[in-house]
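S.K.: So that we are looking at the same thing, I have put the structure below in structure tokens.
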Amino acid sequence: SRRGRCCRKFGGLRRMKRKLRLSDKQMKLLYSIRLRYKKKKLALMEKIVPLKIRKHRLLLEEDVNLSDIRALLTKMAGYKVEMKMLRIKKRRTIEKILSEDQKMKFRMMRMHRKKRGHCRHHRRHRRH
């Protein structure tokens, strides 16, 4: 979809290759790193999605049991922490295959992205 395409971090691997001037060997390593972490992320998503569905079902009941909701939210928060840790580990693993100059550019790309927002799509909606 158009929305999913605009929200990719850094504009995808092609942009990273161009901006960081990655070698073919680095690109192969980058693909394998991303695949490995994507599988881990999907395993966590398989745990989170049923909890979200359960939460929505509980919220639709006449008598909402807040302690059940709290327990689900706590469990979901734990998985979200694991997801953030995966992103951090992935970033650190990627940095290990980069030269010092590439690491600096990689970090600058991240800082620039954080400063200006995800993409034009999100900036447009954030203003309103």
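S.K.: Does the range 59-86 hold any residues that are over 24 Å from the mean Cα position of the chain (by Cα) and open to solvent by less than 80 Å² (accessible area, probe 1.4 Å), and which are they?
M.R.: Narrowing the range 59-86 to residues over 24 Å from the mean Cα position of the chain (by Cα): 59-71.
Answer for the range 59-86, where residues must be over 24 Å from the mean Cα position of the chain (by Cα) and open to solvent by less than 80 Å² (accessible area, probe 1.4 Å): V64, N65, S67, D68, I69, A71.
S.K.: So, one more: Report whether or not K114 is within 27 Å of M45 (Cα to Cα), open to solvent by 90 Å² or more (accessible area, probe 1.4 Å) and at pLDDT 95 or above.
M.R.: So K114 does not fit the description; no.
S.K.: Does E46 count as acidic (D, E), open to solvent by 40 Å² or more (accessible area, probe 1.4 Å), out of contact with any Gly (no Cβ under 7 Å at 6 or more places or on another chain) and at pLDDT below 95? If you could, list the steps in order and put the result at the bottom.
M.R.: Details: acidic (D, E): yes; open to solvent by 40 Å² or more (accessible area, probe 1.4 Å): yes; out of contact with any Gly (no Cβ under 7 Å at 6 or more places or on another chain): yes; at pLDDT below 95: no.
Here the answer is no, as E46 does not meet what is asked.
S.K.: Could you tell me whether any residue of the range 11-23 is open to solvent by less than 60 Å² (accessible area, probe 1.4 Å), at pLDDT below 95 and at positive phi?
M.R.: Checked the range 11-23: at least one residue is open to solvent by less than 60 Å² (accessible area, probe 1.4 Å), at pLDDT below 95 and at positive phi.
The values are calculated or read from the model by the stated rules, or taken from the named source; none is laboratory data. Nothing here was measured: the structure is a model prediction, and the numbers come from that model. Counting neighbours? That spans all protein chains shown, and the Cβs are built from the backbone with ideal geometry, glycine included. Each accessible area value is taken on the protein alone, full model and side chains, heavy atoms only, with ligands, DNA and RNA left out. Shrake-Rupley method; radii C 1.70, N 1.55, O 1.52, S 1.80 Å.
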